[in-house]
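The values are calculated or read from the model by the stated rules, or taken from the named source; none is laboratory data. Bear in mind the structure is a predicted one, so any value in this text is a computation, not a measurement. Positions of Cβ are backbone-derived with ideal geometry, glycine not excepted, and every protein chain shown enters the neighbour counts.
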Amino acid sequence: MCRHLAYLGPALTLHELLIEPEHGLYRQSWQPRRQQHGTVNADGFGVGWYAPGDPVPARYRRDRPIWGDPNLLDLARVIRSGAVLAAVRSGTDGMGFAEAAAAPFTSGKWLFSHNGAVPGWPGSLHRLSAALPPEDLTRLEAPTDSALLWAYAQHRLAAGVPLPLAVAETVSNALSDAPGARLNLLATDGTTIVATVRGDTLSWKRASPAGVLVASEPTDDGRGWHDVPDDSLLVATADGVTVTALELAVEVV
């Protein structure tokens with residue numbers, strides 16, 4: 001499993017978002033408090049962020065623990081953004097530990113992360129694989145279940161499906177193949193955050209009157225955190241958050 005978070009709101013430094021909070025993503029890499037599978041997240045990390053006026057996010061990923069990268073502390077001090085998605089990875093045996101396997105995955109204006117695992121991968125995801133053109137399969141960024149889930153979500157986005165529905169369809173169809181899959185997905189286009197809860201924890205908090213933070217687990221012990229129930233779809237903007245049952249949010253295709 002992994003830990004991930006996404007933020008929308010007034011611009012903050014990456015240090016303020018990831019490192020400064022007492023139980024922020026940086027600390028969750030070695031001491032998560034709610035992680036239900038695995039104990040540390042030391043198999044890589046990544047951060048994606050949007051610069052003002054540019055709809056295509058920048059991304060920084062490494063194949064090492066987040067605490068083992070001295071460059072991040074310097075970057076986090078000066079990089080400021082109002083839209084961020086970041087993750088620390090606990091790799092699954094058989095899926096490699098290269099930098100390309102670390103979230104966030106990206107394409108165009110989107111960032112994507114997967115906290116979970118699909119049992120029996122790759123053979124178990126035959127429904128998703130069969131729905132993809134062969135060229136999409138050959139372009140997978142990494143030989144992982146997460147990369148295949150992202151390829152399917154991209155396929156739906158390219159067909160004009162809105163981001164919340166594309167993410168929800170990805171979960172529903174993956175569960176048709178592998179009912180025991182753990183599928184906490186997280187995606188953003190810089191203006192909306194979409195997250196699913198299936199098999200692990202997720203919480204959200206108003207980060208300011210015009211900001212929202214969505215995370216695998218609370219990054220502090222302050223008030224205002226809301227736990228999202230299992231089998232839910234969360235859609236958040238800087239102005240509001242809605243939570244819907246997954247079965248009500250999607251038509252399985």
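General observations
- Within region 134-157, considering residues that are charged (D, E, K, R) and either over 17 Å from the mean Cα position of the chain (by Cα) or in a helix (DSSP H, G or I) (or both), the one surrounded by the fewest Cβ atoms within 10 Å (Cβ to Cβ): 135
- Single residue of 69, 54 found to be within 14 Å of residue 86 (Cβ to Cβ) and of a type in the set (D, E, K, R): 69
- Some residue of region 29-38 being outside any loop (DSSP other than H, G, I, E, B) and either closer than 28 Å to residue 198 by Cβ or among the basic types (Lys, Arg) (or both): no
- Checking each residue in region 1-30 for being among the hydrophobic types (A, V, I, L, M, F, W, C) and either closer than 13 Å to residue 67 by Cα or at pLDDT 95 or above (or both) picks out 5, 6, 8, 11, 12, 14, 17, 18, 19, 25, 30.
- Unmet criterion (only one of (1) part of a helix (DSSP H, G or I); (2) in contact with a Lys or Arg (Cβ under 7 Å, 6 or more places away or on another chain)) for residue 130: (2)
- Candidate set: region 57-85, residues that are of a type outside the set (D, E, K, R) and part of a loop (DSSP other than H, G, I, E, B); chosen: the one surrounded by the fewest Cβ atoms within 10 Å (Cβ to Cβ): 65
- Among the residues of region 110-165, the one identified as on the phi > 0 side of the Ramachandran plot and modelled with pLDDT of 95 or more is 160.
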